[in-house]
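Below is one structure, written out as structure tokens; comments come after it.
The values are calculated or read from the model by the stated rules, or taken from the named source; none is laboratory data. The structure displayed is predicted, hence computed values, not measured ones. So basically every Cβ, Gly included, is an ideal-geometry build from the backbone, and we count neighbours across all protein chains shown.
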Amino acid sequence: MRIALSDIPREGLDLEYDMDPAALDLTSAGAEFLSPIHVRLRLVAMDRAVYLSGEAAAERRLQCVRCLTAISESMRLSFEMNVEPQESETEPTPGEWHELHREELDAHYYSGHTIDLTELVREQILLALPAYPLCRSDCRGICPRCGLDRNRTACRCAADEADRPMTPLQASLKKIIKK
């Protein structure tokens with residue numbers, strides 16, 4: 001969704017709408033959205049910059065990185081930012097590679113006389129996705145030897161490992177470490 005700067009009145013503009021997750025191209029992020037993303041935005045024009053605050057909410061499904069179990073959860077996030085005009089040709093254009101400097105880390109830009117709200121909301125949703133989703137904090141994961149989900153079934157692999165005689169290499173290493 002694009003909004004023209006001229007459409008933002010002096011007292012601000014409130015928007016509320018549902019976004020199709022497929023339009024945001026979030027599948028590569030490892031999340032499946034089970035419902036449309038409900039977005040509420042408040043835009044306030046300040047000279048040439050625009051202050052934007054908003055909320056996004058949806059139901060999503062992630063996969064636990066340890067046991068691969070599906071996790072369904074509600075996503076609720078709030079965000080706020082200043083969106084400034086892209087003033088010079090040295091400023092980054094959307095999609096172009098650019099080395100960021102410290103003062104640019106929280107900067108958001110628009111070019112021309114419109115702001116692309118879809119891209120700003122997409123960025124906030126991606127930032128809110130957990131890097132390592134877990135089904136629970138004490139998830140025991142999948143056994144690397146037999147493949148059983150150790151949250152559901154105790155496997156004997158750890159016990160079997162202790163019963164096996166050491167290989168000659170392991171025995172040699174153990175002697176070296178003791179010295």
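Brief remarks follow.
- VAL50 being within 26 Å of ARG136 (Cβ to Cβ), aliphatic (A, V, I, L, M), at pLDDT 80 or above and surrounded by 12 or more Cβ atoms within 10 Å (Cβ to Cβ): no
- Of the residues making up region 99-118, those that are assigned to a loop (DSSP other than H, G, I, E, B) and touching a residue at least 12 places away in the same chain (Cβ under 8 Å) number 4.
- Looking across region 21-35, the residues that are surrounded by fewer than 16 Cβ atoms within 10 Å (Cβ to Cβ) and either at negative phi or not in a loop (DSSP other than H, G, I, E, B) (or both) come down to ALA22, ALA23, THR27, SER28, ALA29, GLU32, LEU34, SER35.
- Hits in region 97-133 - residues which are within 14 Å of the chain's Cα centre (by Cα), among the hydrophobic types (A, V, I, L, M, F, W, C) and surrounded by 11 or more Cβ atoms within 10 Å (Cβ to Cβ): LEU120, VAL121, ILE125, LEU126, ALA128, LEU129
- Pairs, first exposed (fewer than 12 other Cβ atoms within 10 Å of the Cβ) in region 1-20, second at pLDDT 95 or above and among the basic types (Lys, Arg), C-beta under 7 Å, six or more apart: ASP14/ARG42; GLU16/ARG40
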